[in-house]
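First up is the structure itself, then whatever we jot down about it.
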């Protein structure tokens with residue numbers, strides 16, 4: 001018992017170092033901490049974990065090296081997706097797709113129901129695509145622009161976007177996290193999804209009610225008349241319904257169940273082609289900033305530039321300039337840098353066995369069903385902050401608690417639901433997690449700023465424990 005207590009206290013050391021360093025980074029650098037300070041904090045905490053593991057537990061460096069290689073390898077596809085999201089950001093904006101979304105959205109969506117509409121629309125798209133990242137990088141970016149034009153704060157709009165996107169991601173049969181949570185806990189996919197309705201639907205209904213109230217009571221006014229936004233967009237871009245063929249093509253690719261990387265890559269190509277057809281002057285102006293000479297050379301340079309580099313257009317209206325500014329692939333590099341450092345910290349905690357040591361803190365609370373679900377939810381949420389990746393959080397939480405669920409006679413679907421209610425949806429609430437970093441980068445809204453408005457993400461783990469407390473104990477028992 002004393003040995004276990006000692007190991008648990010030791011496991012808290014690198015976690016404490018990380019929390020202190022991140023708090024200092026954020027207080028000093030603010031939103032710019034992602035540019036390098038947070039990476040230093042993660043690597044320092046990882047170094048402390050490695051040192052403690054090698055010194056106290058005699059764990060060889062080769063084990064840590066193996067864990068780091070495995071963790072970084074696990075996010076290789078996510079890194080490629082991030083680069084393609086950067087490319088999507090550039091091509092969808094410069095082709096006029098995002099400006100057209102904003103233009104038509106301002107004209108169609110009433111400010112009173114904007115937050116409700118944004119949340120529902122992102123939920124529908126995310127259920128269809130199975131990807132919260134893709135939803136936020138495409139429809140979400142456009143909705144953020146509409147929200148600004150209608151006088152909503154970026155934090156409130158981002159919260160509605162992320163809430164809807166993660167609701168869809170959580171219950172979509174196309175979602176990789178949903179498939180992972182069900183498969184690792186040996187629960188049939190649609191049985192797992194159906195069982196999540198008991199916690200997910202109430203959380204989403206409450207979210208929609210709150211956003212409806214916020215919209216109806218919204219008293220903020222835009223910095224300038226919405227007509228200025230639409231007129232400026234129409235003067236800068238060729239706004240046409242034909243541009244909606246690009247998102248329609250993207251949805252078709254998703255319907256055909258192509259891998260996410262292929263969907264994003266082909267969508268980027270389609271948007272680049274649309275830019276050449278509908279916005280040739282914009283592509284030409286971008287290319288002229290790089291080179292001169294024959295038109296083909298200039299247009300090629302402009303196309304490549306909007307895919308990989310940051311592009312800023314001068315529209316004559318500063319607020320619209322901000323709406324149509326893009327980051328490109330280069331804009332995602334700091335996020336990728338942070339993800340790699342976060343994976344190193346997670347690997348150090350796993351390789352040293354400190355993840356298991358930390359889980360012992362909650363063991364006394366697992367003797368009742370409510371306590372067991374609550375412990376699972378707390379662990380899944382905490383692991384998002386410790387290992388900084390929702391996939392690892394899902395796997396580790398499932399592995400830690402599966403023996404206890406089976407020993408107590410509970411169905412595995414209770415575990416898979418509890419894991420999804422926590423590890424899947426709370427990831428974007430941590431500034432240094434892969435999801436938190438990605439959404440903050442895509443939407444250009446710091447994680448700690450939008451997090452209070454991610455109502456669905458906050459309510460889901462609470463609802464999971466509440467439903468476990470009020471339902472009959474035998475419901476979740478194995479027959």
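Laboratory data are not the source of any read-out in this text; all were calculated from the coordinates shown. Keep in mind it's a predicted model, so treat the numbers as computed, not measured. In this analysis, Cβ positions are derived from the backbone assuming ideal geometry, glycine residues included, and neighbour counts consider all displayed protein chains.
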Exercise for review: Treat each spin label as a single point 7 Å out from the Cα along the C-beta direction, and report the residue 205 to residue 242 distance in nm.
Suggested key: 4.7 nm
Exercise for review: Subtracting the Cα-Cα distance from 0.36 nm times the residue separation, let me have the gained length for residue 256 to residue 227 in nm, one decimal.
Suggested key: 6.6 nm
Point to revise | Proportion of all alpha-carbon pairs of the stretch 254-386 beyond 18 Å (%) | key: 72 percent
Review point. Full extension from residue 321 to residue 444: what is 0.36 nm times the residue separation minus their Cα-Cα distance, to one decimal in nm?
Key: 42.9 nm
Check your understanding: Which order do peptides 427-437, 189-199 fall in by mean Cβ count within 10 Å, highest first?
Key -> 427-437, 189-199
Study note, to complete from the structure: Distance in nm between residue 179 and residue 74 label points, each 7 Å along Cα→Cβ, equals 1.7 nm
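With the Cα gyration tensor of the stretch 191-336 giving a ≥ b ≥ c as the square roots of its eigenvalues, does the rule (a/c under 1.5 for rounded; else a/b larger than b/c for prolate; else oblate) give rounded, prolate or oblate? Walk me through the intermediate numbers first.
On the way: a/c = 2.34, a/b = 1.41, b/c = 1.65.
Here the stretch 191-336 falls in the oblate category.
Order of 357, 292 from fewest to most other C-beta atoms within 10 Å?
Values: 357 19, 292 10.
Ascending Cβ contact count within 10 Å gives the list 292, 357.
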Review point. Residue 360 versus residue 469, label points 7 Å from Cα toward the beta carbon: distance in nm?
Key: 2.9 nm
Point to revise | Cα pair distances of the chain binned at 10 Å [whole percent] | key: 4, 20, 28, 25, 14, 6, 2, 0
**Study point:** Computed helical MRE - 222 nm, the chain, DSSP H runs ≥ 4 contributing -39500 (n - 2.57), nearest 500
**Key:** -23500 deg cm²/dmol
